Each structure stands twice: as C-alpha cells, then as structure tokens.
1. Under a crude label model (7 Å from the Cα following the beta-carbon direction), how far is residue 318 from residue 274 in nanometres?
2. For residue 341, put the label point 7 Å out on the Cα→Cβ axis and report which residues of the range 138-155 keep their amide N under 19 Å from it.
3. Would you work out the relative contact order for the range 80-224, in percent, from Cα pairs under 8 angstrom that are 6 or more residues apart?
4. Suppose a student asked you for the relative contact order of the range 255-359, using Cα pairs under 8 Å spaced at least 6 residues apart; what percent would you report?
5. What do the square roots of 5 times the Cα gyration tensor eigenvalues come to for the range 271-332, in whole Å, largest first, as semi-axes of the equivalent ellipsoid?
6. Using Cα pairs closer than 8 Å and at least 6 residues apart in sequence, work out the relative contact order for the chain, in percent.
7. Could you give the nm distance between label points at residue 58 and residue 252, where each point is 7 Å from its Cα heading toward the beta carbon?
8. If I take all pairs of Cα atoms in the range 51-272, what percentage of them are more than 24 Å from each other?
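Please treat every number below as a calculation from the coordinates, not as lab data. These figures come from a predicted structure and were not determined experimentally. Quick reminder, even Gly has a Cβ in these numbers, built from the backbone with ideal geometry, and neighbours come from all protein chains shown.
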Amino acid sequence: MDICDLAPSYIRAIAPYQPGKPIPELAREMGLDESGIIKLASNENPLGASPLAQRAVRGVLDGISRYPDGNGFELKRALGARFGVEHQNIVLGNGSNDVLELAARAFLTPQHSAVYSQHAFAVYPLAVQAIGAAAIEVPARAFAHDLDAMRRAVRSDTRVLFIANPNNPTGTYAPPAAVEAFLAALPGHVAVVLDEAYHEYLPLELRGDSIGWLQRFPNLIVTRTFSKVYGLAGLRMGYALAGAGIADLMNRVRQPFNVNSLSLAAAAAALEDLEFVRRSFEVNQAGLKTVTRGLSELGLQYIVPFGNFVTFAVPDASGVFQRLLKLGVIVRPVASYGMPDHLRVTIGTESENARFLDSLARALGA
Ligand SMILES: *Cc1c(COP(=O)(O)O)cnc(C)c1O
C-alpha cells in the first residue's frame, strides 16, 4: 500500500504553484553568468529594498536566537498609526499568501464553497483546494473580474470570495465605486477577501478607501503586502485588516510564530520609508509608459496595466519565453492561468526595461 494514496483526493489533485524562474537556476541551465541575467518574472521591486529596512534587519541580527514577538506589537503599532486601526484589527502573515490561507482556513470546510475569478491570483484556488472546499471560478470579462457575475455565483454554502484589485497576472483593476457597490449588494454570510497587493502602485486618485469600508462591511478582509512596493519579497511579510472578530479567528488558526523577527523589523522600517515608496512608485509609472509604448511599437496587444507588470499577447508565447531565457531575460508564462497566448513582464529599472524590449524584438524576429 502506498501511504500517498490515502491522502485526500483534493490534496492529491493540487497542481503545484509555478514560481518565476530564479536567476541562479537559469544561470545553471543555460551556462550564463548570473550578473548578465535580468529577472522580470515575480513583480519584485527593481530598486531592491528600502535602505531603512536593510538597516533595521542588521540591527536585529544579534537577537535571532530569540523567538520573535508572536503578536508583532511594534509592527502593529506602526500599521495601526498609519491606517487608523487597532491591533485587534490586524493579522500578520508570512507574506500575504499566508493571510489569504488563514482567511480560507477560518471560514471554509469541505462542505463550503469559495468564489474567485478566472485568471485570478493562483493562491486562491490553492488555498481553497487545500481545505477540500468547492471552488467556483467565475468567467472573467476582458480578463477582468466580472463583479456582477461573481455576486450571482454566490451560493448559500459560499463563505469566502476573493477579489484581487489590481489583479495578478492580468493587471486589471476594478474602480472603487464598483467594489463598494459590490460589497453593499453581497449577502452577509460571505467573507470578502480584498487582496490589494498592488494598492501602493495605484495613482492616488484610483485608490479606494478600502480600510474605511471595514467600518461599514463587517464581512470585509483587506490584505496587503510588503513584497511589492516595499521591496521585501524575500523576507515574507503581509497583513490583513478586518473586524476584530474575523481577525481573532484568523489569528487563532495561524502558527504562533508565523512571522520572523527580521521581517517584523524590516517591515516596520519600510513602512516609514516614504521616500523609497515614492521613488518606487515613480520608477514604476515611468516604466509602465516605456514598456507599453515599446509593446505597441512591436505590434503587440497588452492588457491595460494597473500594477507593476504588463501582460501582453504574443504569437508563440512559450517559444518567445524560451528565446528570452536564452537572452538572459526571465519573464513569466501565464499558461497555468488559462492564458497560453500571453506573457507577463514585471516593470524593471529603466535599463532593464530597455533590455527587455530589445530582447523581445530579437526573440520575435527569431
Ligand atoms: C504578489 C501578490 C501577493 C503577495 O504575495 P506575498 O505572499 O505577500 O509575497 C498577493 N496577492 C497578489 C495578487 C499578488 O500578486
């Protein structure tokens, strides 16, 4: 007998998450020099991490023999001051992936269902499937969440609904008024996870007051991350903001020490580095213009981007992906998201964007 056959069928059916290819792996596979490779595959911050965050990490290195503060007091104080919420409204996670899972675990069982959009972030199906709950994937409209259809897809057994705004890997965005109307129309038995991993990349005038909505919608969970604009993807730190009752449930199902002392210190410092965030935003805005213009000049269609990446249609996407790898440029195939004719490229520095466009032109010509 194979013990693995005894694992629940919904666990055995999980398709593993496909991460962006790491630079050392490509270097090994192609015999390339690591320093000549650029990775635009995981929506990381091309400016690196905030210098304040790096200094904070060095400052706490001497303490790593101690367990971290399992309540994350200092970081919660910083987040609370920034967003006008109490500690009891905050759940810290080992990346926001962790808090997405905590939300699923707090509300779902194999007798319940969860709703998310086609082409939505891959962690939603993974989190739902790991519990054995039913997944309801709602067809997208022009690659964007179809909020009306998502509302209609809610059943009496639905307990969680995921919205990514902006969404990854499509880069699409739902205007705040639409999300607000959606929340107002949704029945109260569904917890809405509003995943705002790219919130800080939105121009101010496009940002909704999602944290303010927590007062009006007791079933709302807002999630954010330090992996993107704050440049701390390698440290893993994300958080959820929610009503005290929901936050308490999520905190009960998390590991007592799910976030480590280095990331706690780094995140608190990064939150205060407004100058780094501002520069990251501006480099991204300029890069979005450069890359979308370059794609148009190559005759390629792209989905209008609202994050720090652009998803574009290209003939022979997997062949182009491979040819880009040979040129030392790592982008992200999105076939596993049901988009086999698209590739996703993260906005890099000015020189990385230029290198990408130049390499893409060569990859298309080949
Ligand atoms: C990158 C991303 C996250 C953040 O993941 P972390 O676990 O915080 O690194 C969450 N949601 C979406 C849609 C993302 O693209």
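1. Output for this residue pair reads 4.9 nm.
2. 139-145
3. Once normalised by length, the contact order is 22 percent.
4. Relative contact order comes out at 24 percent.
5. Three semi-axes, in Å: 27, 15, 9.
6. Result for the chain is 23 percent.
7. 4.4 nm
8. 40 percent
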